[in-house]
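Step one of this worksheet: look at the structure below.
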Amino acid sequence: MLSFLKISNLAILDDVSIELGAGLNVLTGETGAGKSIIVDAIGLLLGERGGSDLIRTGCEKLVVEGQFDLSARDDLEEVFTAAGLQDSDNAELVVRRELFMNEKGDKGGRSRAFLNGHLVTLATLRTLGEFLADLHGQHQHQSLLRTEGQRDALDRFAGTLAVRENISAIHARLKALGAEQHELEGRERERARLEDILKAQVAEIDAIGPKEDEDEALMREENLLRHASEVARLAGQSFALVSEDDDSVLSRLGTVEECAHRLSAIDPRASEVLAAIREARVAASEAARMLSAYAGRERNDEFDPSRLEQVAGRLAELDRLRRKYGASLRDVARFRGEALQQLEAIGGASARLEAIASERRTARAAYMRLGAELSERRGRAAARLEKAVEKELKALAMEGTRVEIAVDQPEGAEPGPSGLDTIEFLIAPNRGEEVRPLARIASGGELSRLMLAVRNAAQDGGADRRTLVFDEVDSGIGGRVGEAVGQRLAALGSGQQVLCVTHLPQIASFAQRHFRVSKKTAGQRTQAVVTRLDEEGRIDELARMLGGSPAETARRHAAALLGRPGRLPADALSGKERTRT
């Protein structure tokens, strides 16, 4: 619901603020007072294009701001996300539109749009605007002139919005599956090439079969094999020096031990020295034993050139793996594991393609089943809606208007997000004429009444919660028909906000909020004033609109219009009129 509208520097609207409410809001006033300019301002908020010729003379820019109360809406989350407003308070939306004069001061100036303070493109504003309001008159935003708007009206009337949502979800799934399948199939050749490479790499690693830290052990063995003769010589020499030579370490330690023994017999304090020497002799004896065993083993395991060749060859194989697959054998093992995972994923791609094909068949079958149900229900509802709209048009002084709603399935039609059908509203305003698309109806007033008839006939219990704006709806009609129009506007207002520009008191009398637009001169400039009327103010305005009668007669007639049975209570201010300029 559009709760507040502020307009600055738009034609004769210098600085105007309007607080709108639920139900039917009407704008009345003399011709040229600026009523339709207010509708133009709402069009700018919804993303309609506007030139700098709309800017008030002498001003550099015009600004239109609208505050929308969305607390009763739960259908805009996806729209807000698409507009980049997922972090905004979805209960309220402030739209701001600015148009600037260009540098030369003529047409073609810049335009800017903001949603809750965020700069957005005009295309984004236009997309969101379609969910906020629908303008009926000579405006681009008439949703019922577009195929999708006609489809929505029929589906609301038929009660098939839930079925359509299910179809849309299945269509989205089909689209996602198709994209995934296309991607997988497009990479099939690349996957086959990668599979061959990975298999060859894993086979090469497995053929060599490296073990963790094997290269370090082999390098130690290679070093020992290359120095085998030197090792044997040093081991033998060390054993001889410790044990076998006449002047060996053990022999000398024996002599020292004997001396220390004699010394301790003379001086007990030398007993500690004797103990230390005996420990050294035991350690030397153990070293001699170990050297004897080591030297003996080295003599028994004489240098084997073939073993050195084997070790060197194995190290070369491991080094080749490290150069190709990692700095260490652990890296090589990790590479092998990752390659096996990739091979498993590649193998899974084929299985996934089969699963996708199965899922698509199942989803398409569900789509076609629901699509057939939707088409059948639309066809039956279209016949009922045709009669309902024709009945409404008869009451709106468009007797003889023929309405056809074509629900067709083009041959070979592919599933779409809203079903298989194309839906078009066709109208023949005069007897004997061929029906034509609704968009080709030229008269603004006639078109507005057609829209009102369709809206009223297709009432849906509030499924459409946009603000409806009617301009020129009373063009070419009189009081009796005006009352019928007013009744239908009020009926629409019971389920959603309606704003109507009218010259007929019979229509204005049904309003819950009534605004008078008038002109005044200030500082040699003409500017529009918008006044919200209380009950007395409404009687005065309706009397003015009635005209042609003495003032008191007109006022009694106006009061009678406001007091007629069945009229919804007016949401008028108590006390004096309130004016915002």
**Study point:** From the options LEU177, LEU198, LEU194, residue that is under 28 Å from GLU338 (Cα atoms), in contact with a Lys or Arg (Cβ under 6 Å, 6 or more places away or on another chain), in the same structural domain as ARG336 (by TED's automatic domain parsing) and in a helix (DSSP H, G or I)
**Key:** LEU177
Review point. If ILE346 satisfies every condition in (1) farther than 30 Å from ALA192 by Cα; (2) not assigned by TED's automatic domain parsing to the domain that holds GLN497 but one, which is the exception?
Key: (1)
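Within the range 192-221, which residues are at pLDDT below 80 and touching a helix residue (DSSP H, G or I) at 6+ places or on another chain (Cβ under 6 Å)?
Correct list: GLU195, GLU221.
Please verify whether SER36 is hydroxyl-bearing (Ser, Thr, Tyr) and modelled with pLDDT of 90 or more, treating the condition exactly as stated. So that I can check it myself, show each step before the final result.
On the way: hydroxyl-bearing (Ser, Thr, Tyr): yes; modelled with pLDDT of 90 or more: no.
In short, no.
Go through the residues of the range 472-490 one by one and say whether even a single one is within 33 Å of the chain's Cα centre (by Cα), buried (at least 19 other Cβ atoms within 10 Å of the Cβ), assigned by TED's automatic domain parsing to the domain that holds ASN25 and in contact (Cβ under 8 Å) with a residue 60 or more places away in the chain.
In the first step, residues of the range 472-490 are kept if they are within 33 Å of the chain's Cα centre (by Cα); the result is none.
No, the conditions are met nowhere in the range 472-490.
Tell me the residue from ALA41, ALA33, ALA11, ALA83 that is surrounded by 18 or more Cβ atoms within 10 Å (Cβ to Cβ) and on the phi > 0 side of the Ramachandran plot, please.
On the way: ALA41 fails: on the phi > 0 side of the Ramachandran plot; ALA33 fails: on the phi > 0 side of the Ramachandran plot; ALA83 fails: on the phi > 0 side of the Ramachandran plot.
Going through ALA41, ALA33, ALA11, ALA83 in turn, just one is surrounded by 18 or more Cβ atoms within 10 Å (Cβ to Cβ) and on the phi > 0 side of the Ramachandran plot: ALA11.
Go through THR160, THR147 for me and flag whichever is surrounded by 19 or more Cβ atoms within 10 Å (Cβ to Cβ), of a type in the set (S, T, N, Q) and farther than 22 Å from GLU92 by Cβ. Let's see the steps before the verdict.
On the way: THR147 fails: surrounded by 19 or more Cβ atoms within 10 Å (Cβ to Cβ).
Step by step, each of THR160, THR147 is checked, and only THR160 is surrounded by 19 or more Cβ atoms within 10 Å (Cβ to Cβ), of a type in the set (S, T, N, Q) and farther than 22 Å from GLU92 by Cβ.
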**Study point:** Selection from the range 351-380 of residues that are within 23 Å of PRO410 (Cα to Cα), surrounded by fewer than 14 Cβ atoms within 10 Å (Cβ to Cβ) and touching a residue at least 60 places away in the same chain (Cβ under 8 Å)
**Key:** ARG380
Review point. Out of all the residues in the range 501-515, which are aliphatic (A, V, I, L, M) and either closer than 13 Å to GLY32 by Cα or part of a strand (DSSP E or B) (or both)?
Key: VAL501
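Just checking, which of SER328, SER306, SER285, SER350 is modelled with pLDDT under 80 and either of a type outside the set (A, V, I, L, M) or touching a Leu at 6+ places or on another chain (Cβ under 6 Å) (or both)? I'd like the intermediate steps shown before the answer.
On the way: SER328 fails: modelled with pLDDT under 80; SER306 fails: modelled with pLDDT under 80; SER285 fails: modelled with pLDDT under 80.
SER350 is the lone residue from the list that is modelled with pLDDT under 80 and either of a type outside the set (A, V, I, L, M) or touching a Leu at 6+ places or on another chain (Cβ under 6 Å) (or both).
Residues to consider are ARG556, ARG516; find the one that is buried (at least 24 other Cβ atoms within 10 Å of the Cβ), more than 30 Å from ALA388 (Cβ to Cβ) and touching a helix residue (DSSP H, G or I) at 6+ places or on another chain (Cβ under 9 Å). Full working, then the answer.
Numbers: ARG556 fails: buried (at least 24 other Cβ atoms within 10 Å of the Cβ).
Only one candidate qualifies: ARG516.
Looking at the range 4-14, can you tell me whether even one residue there is within 24 Å of ALA490 (Cβ to Cβ), over 24 Å from the mean Cα position of the chain (by Cα) and not hydroxyl-bearing (Ser, Thr, Tyr)? Even if it seems obvious, please write down each step before you answer.
Let us first name the residues in the range 4-14 that are within 24 Å of ALA490 (Cβ to Cβ), namely 4-5.
Now narrow it down to the ones that are over 24 Å from the mean Cα position of the chain (by Cα): 4-5.
Cutting the leftovers down to not hydroxyl-bearing (Ser, Thr, Tyr) gives us 4-5.
For the range 4-14, residues within 24 Å of ALA490 (Cβ to Cβ), over 24 Å from the mean Cα position of the chain (by Cα) and not hydroxyl-bearing (Ser, Thr, Tyr): present.
Pick out the one residue from ARG532, ARG555, ARG525 that is of a type in the set (Lys, Arg) and under 23 Å from PHE68 (Cβ atoms).
Exactly one residue qualifies, and that residue is ARG532.
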**Study point:** Those residues of the range 411-439 which are without any contact (Cβ under 8 Å) to a residue 40 or more places away in the chain, outside any strand (DSSP E or B) and farther than 24 Å from ALA176 by Cα, in sequence order
**Key:** GLU411, PRO429, ASN430, ARG431, GLY432, GLU433, GLU434, VAL435
Review point. Does the range 492-549 hold any residues that are of a type in the set (Lys, Arg) and touching a Ser or Thr at 6+ places or on another chain (Cβ under 6 Å), and which are they?
Key: ARG516, LYS519
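Go through the range 32-75 and count every residue that is part of a loop (DSSP other than H, G, I, E, B), in contact (Cβ under 8 Å) with a residue 12 or more places away in the chain and farther than 21 Å from VAL529 by Cβ.
Qualifying residue count, the range 32-75: 12.
So that you can scan it fast, the table gives a plain yes or no per residue for (1) touching a strand residue (DSSP E or B) at 6+ places or on another chain (Cβ under 8 Å); (2) modelled with pLDDT of 90 or more; (3) of a type in the set (Ser, Thr, Tyr):
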{"position": "LEU533", "(1), (2), (3)": "yes, yes, no"}
{"position": "GLY537", "(1), (2), (3)": "yes, yes, no"}
{"position": "GLY547", "(1), (2), (3)": "no, no, no"}
{"position": "ALA554", "(1), (2), (3)": "no, no, no"}
{"position": "ARG564", "(1), (2), (3)": "no, no, no"}
{"position": "LEU568", "(1), (2), (3)": "yes, no, no"}
{"position": "ASP571", "(1), (2), (3)": "yes, no, no"}
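Tell me, yes or no, whether the range 78-93 has at least one residue that is at pLDDT 90 or above, in a strand (DSSP E or B) and not charged (D, E, K, R).
The initial filter retains those residues of the range 78-93 that are at pLDDT 90 or above, namely 93.
Now narrow it down to the ones that are in a strand (DSSP E or B): 93.
From what's left, not charged (D, E, K, R): 93.
Scanning the range 78-93 turns up at least one residue that is at pLDDT 90 or above, in a strand (DSSP E or B) and not charged (D, E, K, R).
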Review point. Which of the following residues is among the polar types (S, T, N, Q), modelled with pLDDT under 90 and under 15 Å from LYS35 (Cβ atoms): SER475, SER518?
Key: SER475
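So for the range 131-150 (the condition being more than 30 Å from ILE427 (Cβ to Cβ), touching a strand residue (DSSP E or B) at 6+ places or on another chain (Cβ under 8 Å) and modelled with pLDDT of 90 or more), does at least one residue qualify?
From the range 131-150, those more than 30 Å from ILE427 (Cβ to Cβ) are none; that's our starting set.
Taking every residue of the range 131-150 in turn, none turns out to be more than 30 Å from ILE427 (Cβ to Cβ), touching a strand residue (DSSP E or B) at 6+ places or on another chain (Cβ under 8 Å) and modelled with pLDDT of 90 or more.
I'd like to verify a number: residues in the range 94-112 that are modelled with pLDDT of 80 or more and polar (S, T, N, Q), how many?
Restricting attention to the range 94-112, the residues satisfying the condition of being modelled with pLDDT of 80 or more are 94-101, 110-112.
If we keep only those that are polar (S, T, N, Q) too, we end up with 111.
Result for the range 94-112: 1.
The values are calculated or read from the model by the stated rules, or taken from the named source; none is laboratory data. Computed from a prediction, not measured in an experiment: that's the story for all the values here. All Cβ positions, even for glycine, are placed from backbone atoms using ideal geometry, and neighbour counts span all protein chains on display.
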